[in-house]
1. For region 124-160, which positions are closer than 19 Å to THR44 by Cβ, outside any strand (DSSP E or B) and small (Gly, Ala, Ser)?
2. Residue by residue through region 102-123, note down the ones that are aliphatic (A, V, I, L, M), open to solvent by 30 Å² or more (accessible area, probe 1.4 Å) and part of a loop (DSSP other than H, G, I, E, B).
3. Working only within region 24-46, note down all residues that are of a type in the set (A, V, I, L, M, F, W, C) and open to solvent by 40 Å² or more (accessible area, probe 1.4 Å).
4. Based on what the data block shows, is THR10 in a loop (DSSP other than H, G, I, E, B), of a type in the set (Ser, Thr, Tyr) and exposed (fewer than 13 other Cβ atoms within 10 Å of the Cβ)?
5. Please verify whether region 66-77 includes one or more residues that are over 30 Å from VAL160 (Cβ atoms), among the charged types (D, E, K, R) and in contact (Cβ under 8 Å) with a residue 12 or more places away in the chain.
6. Report, by residue number, each residue of region 16-71 that is hydrophobic (A, V, I, L, M, F, W, C), more than 30 Å from LEU101 (Cβ to Cβ) and part of a loop (DSSP other than H, G, I, E, B).
7. One residue is enough: does region 39-51 have a residue meeting the conditions hydroxyl-bearing (Ser, Thr, Tyr) and closer than 30 Å to THR4 by Cα?
8. Among residues belonging to region 124-165 that are surrounded by fewer than 18 Cβ atoms within 10 Å (Cβ to Cβ) and of a type in the set (D, E, K, R), point out the one that is farthest from ALA110 (Cα to Cα).
Amino acid sequence: PTATTTYMVTGTDANGCVNTATTTLTVNALPTVTANTSSASVCTGGSVTLTGGGAATYVWDNNVTDAISFVPTATTTYMVTGTDANGCVNTAMTTVTVNPLPVITATSSAAVVCAGASVTLTGGGAATYTWDNNVTDTVSFVPTATTTYMVTGTDSNGCVNTAMTTVAVNANP
């Protein structure tokens, strides 16, 4: 049936007597199920939460539990099956993109300098760079002691990774 309909049946017994009965068959609409994600894209190692909407209960594929955070390992399209109070079922899908972490490089204009000499540190492999020890990317400075410097690079997807380089400072004779 495509819509709620009342059906009537007419019955005749062996004596030729006739009677009727009716029954109404209700057709419930399917629920409008939605598949919602806390983030459409995450960086490798990042977590996401998927939640279903528009029904009473939800079952996700790929071992996902509704409204419970998890860490996806690859870009995947997830399907949720929602069941409403009438037992009617419908599905929806959402895709979560997993972006790789950038491969960051930390380079120095010199691995060894004499005390008082300047050096320039440069990050690579991302869009923006933040160095520790008050160093600014591509701006020369004078290190006072042998130090390992760490750069944090952020790519255009907002994914972050780090790299290190050491600058040795030799005393002047």
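The values are calculated or read from the model by the stated rules, or taken from the named source; none is laboratory data. Predicted model, so just to flag it, every value in this text is computed and none were measured. Ideal geometry is used to build each Cβ from the backbone, glycine not excepted, and the neighbour counts take in all protein chains shown. For the accessible areas, the whole protein counts, side chains as well, though only heavy atoms, and no ligand, DNA or RNA atoms are used. Shrake-Rupley method; radii C 1.70, N 1.55, O 1.52, S 1.80 Å.
1. GLY125, ALA126, ALA127, SER156, GLY158
2. Going residue by residue through region 102-123, those that are aliphatic (A, V, I, L, M) are 103-104, 106, 110-113, 115, 117, 119, 121.
Retained after the next criterion (residues that are open to solvent by 30 Å² or more (accessible area, probe 1.4 Å)): 103, 111-112, 115, 117.
The answer is VAL103, ALA111, ALA115, ALA117.
3. Within region 24-46, LEU25, VAL27, ALA29, LEU30, ALA40 qualify.
4. On the way: in a loop (DSSP other than H, G, I, E, B): no; of a type in the set (Ser, Thr, Tyr): yes; exposed (fewer than 13 other Cβ atoms within 10 Å of the Cβ): yes.
Against the criterion (in a loop (DSSP other than H, G, I, E, B), of a type in the set (Ser, Thr, Tyr) and exposed (fewer than 13 other Cβ atoms within 10 Å of the Cβ)), THR10 does not qualify.
5. Pass one, region 66-77, residues over 30 Å from VAL160 (Cβ atoms): none.
Within region 66-77, none of the residues are over 30 Å from VAL160 (Cβ atoms), among the charged types (D, E, K, R) and in contact (Cβ under 8 Å) with a residue 12 or more places away in the chain.
6. Here is the first cut: in region 16-71, the residues hydrophobic (A, V, I, L, M, F, W, C) are 17-18, 21, 25, 27, 29-30, 33, 35, 40, 42-43, 48, 50, 55-56, 59-60, 64, 67-68, 70-71.
Okay, now just the ones that are also more than 30 Å from LEU101 (Cβ to Cβ), so 17-18, 21, 25, 27, 29-30, 33, 55-56, 59.
Passing the criteria: CYS17, VAL27, ALA29, LEU30, VAL33, ALA55, ALA56.
7. The first filter runs over region 39-51 and keeps only residues hydroxyl-bearing (Ser, Thr, Tyr), leaving 39, 41, 44, 47, 49, 51.
This time we only want the ones that are closer than 30 Å to THR4 by Cα, so: none.
No, that holds for no residue.
8. Across region 124-165, the extreme among qualifying residues is ASP132.
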